[in-house]
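Enquirer: Please see the structure below; I have some questions.
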Amino acid sequence: MIIINGNNLLNLVQKESGQDIQACYYCHKCVVGCPVSKYMDIPPNAILRMIQYGEKEKILKSATIWLCTACETCGTRCPNNIDIAKVMDVLKQMAVKEGVKGKEKTIQIMHKAFLAGIEKRGRMHELSLIRDLKLRSGGLFKDIKLGIKMFQLGKFSIFPEKVRNVKEIKKIFKKIRSIE
C-alpha cells in the first residue's frame, strides 16, 4: 500500500478520532458486520482506504458517513480495534464544518436538528426533532398519518422532559464552537 507522508486528511482524521487508520488491512469484517452497509455507496473499509489516499472530497460527499448509525459493530469486529464509528463521526464533523452537501441531505439536516435540540433542551425530544427536521427539510405534513399513529401508540410524548443544568450543556456547545 502506498501512503503519502504528507496526507493531511489521514493525519487529521487519525488525530481527531484517535484511531490508527493505517492499521486497516482491508479484511472486510467491518463491512460484513455493519447493519447498514448494504445501503452505503462506499463500504466502511473503503472509506478507511480512501482516507489513506487523501480522497477527502469523495468521502465527505458520500452517503456512507451519514448512514453510519455509530452502533460500533464494525469496531467490535475489527481485528486491529479500529473504531470506525469514531472515524465516521470525525468525517461528519468535517463535512458540517466545511459546508459539504452530501448525497443524504435529509440525514445532514437531521444531524443539525438533533444537535440543536440537545443544545436547547439538554436531551432529545422526538416530537421536537421531527418538527425541526420537517421544518428544515420541507414536507411538514408528509408523514402526518404515521406521526399520529406513533403518538397513539405512545411512541413519543408531547412535552420534553426537564433536564437539570441545561446551562451547563449550553456551555459545552459554546466551548466547542470557540475551539473550532
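The values are calculated or read from the model by the stated rules, or taken from the named source; none is laboratory data. Model, not experiment: these values are computed from the prediction. Positions of Cβ are backbone-derived with ideal geometry, glycine not excepted, and every protein chain shown enters the neighbour counts.
Enquirer: Taking Asn81 as meeting all but one of (1) within 30 Å of Lys29 (Cβ to Cβ); (2) under 18 Å from the mean Cα position of the chain (by Cα), write down the number of the exception.
Expert: Going through the list (1) within 30 Å of Lys29 (Cβ to Cβ); (2) under 18 Å from the mean Cα position of the chain (by Cα), Asn81 breaks only (2).
Enquirer: Please find, within region 127-174, the residue that is nearest to Ile109 (Cα to Cα) out of those that are of a type in the set (Val, Ile, Thr) and in contact (Cβ under 8 Å) with a residue 40 or more places away in the chain.
Expert: Out of the qualifying residues, it is Ile169.
Enquirer: Can you say whether Val100 is surrounded by 12 or more Cβ atoms within 10 Å (Cβ to Cβ) and more than 23 Å from Thr69 (Cβ to Cβ), as far as the supplied structure shows?
Expert: It is false that Val100 is surrounded by 12 or more Cβ atoms within 10 Å (Cβ to Cβ) and more than 23 Å from Thr69 (Cβ to Cβ).
Enquirer: Just checking, which of Gly18, Gly33 is of a type in the set (Gly, Ala, Ser) and farther than 22 Å from Lys97 by Cα?
Expert: Gly33
Enquirer: Another one. Can we say Glu119 is in contact with a Phe, Trp or Tyr (Cβ under 9 Å, 6 or more places away or on another chain), modelled with pLDDT of 85 or more and part of a helix (DSSP H, G or I)?
Expert: So Glu119 passes the test.
Enquirer: For region 85-103, check the following and say yes or no: at least one residue is part of a helix (DSSP H, G or I), more than 15 Å from the chain's Cα centre (by Cα) and modelled with pLDDT of 90 or more.
Expert: The answer is no; no qualifying residue exists.
Enquirer: Then there is this: Let me spell it out: the conditions are (1) of a type outside the set (A, V, I, L, M, F, W, C); (2) crowded, with 20+ Cβ neighbours inside 10 Å; (3) not in a helix (DSSP H, G or I), and Asn45 meets all of them except one. Which number is the exception?
Expert: Of everything listed in (1) of a type outside the set (A, V, I, L, M, F, W, C); (2) crowded, with 20+ Cβ neighbours inside 10 Å; (3) not in a helix (DSSP H, G or I), Asn45 misses just condition (3).
Conditions tested, residue by residue: (1) among the basic types (Lys, Arg); (2) within 26 Å of Leu12 (Cβ to Cβ).
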{"site": "Lys97", "(1), (2)": "yes, yes"}
{"site": "Lys103", "(1), (2)": "yes, yes"}
{"site": "Gln108", "(1), (2)": "no, yes"}
{"site": "Phe114", "(1), (2)": "no, yes"}
{"site": "Arg123", "(1), (2)": "yes, no"}
{"site": "Leu129", "(1), (2)": "no, no"}
{"site": "Gly139", "(1), (2)": "no, no"}
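Enquirer: Any residue that is at pLDDT below 95, more than 20 Å from Lys103 (Cβ to Cβ) and among the acidic types (Asp, Glu) - is there at least one of those in region 57-65?
Expert: No, because not a single residue in region 57-65 is at pLDDT below 95, more than 20 Å from Lys103 (Cβ to Cβ) and among the acidic types (Asp, Glu).
Enquirer: Considering only region 52-76, state which residues are among the charged types (D, E, K, R), assigned to a helix (DSSP H, G or I) and surrounded by fewer than 17 Cβ atoms within 10 Å (Cβ to Cβ).
Expert: Hits for region 52-76 are Glu57, Lys58.
Enquirer: Here's a check for you: in region 122-146, which residue that is of a type in the set (Lys, Arg) and outside any helix (DSSP H, G or I) is farthest from Lys171 (Cα to Cα)?
Expert: So the residue we want is Lys142.
Enquirer: Scan region 85-97 for residues that are buried (at least 18 other Cβ atoms within 10 Å of the Cβ) and farther than 26 Å from Lys29 by Cβ and report the count.
Expert: Selection size over region 85-97: 0.
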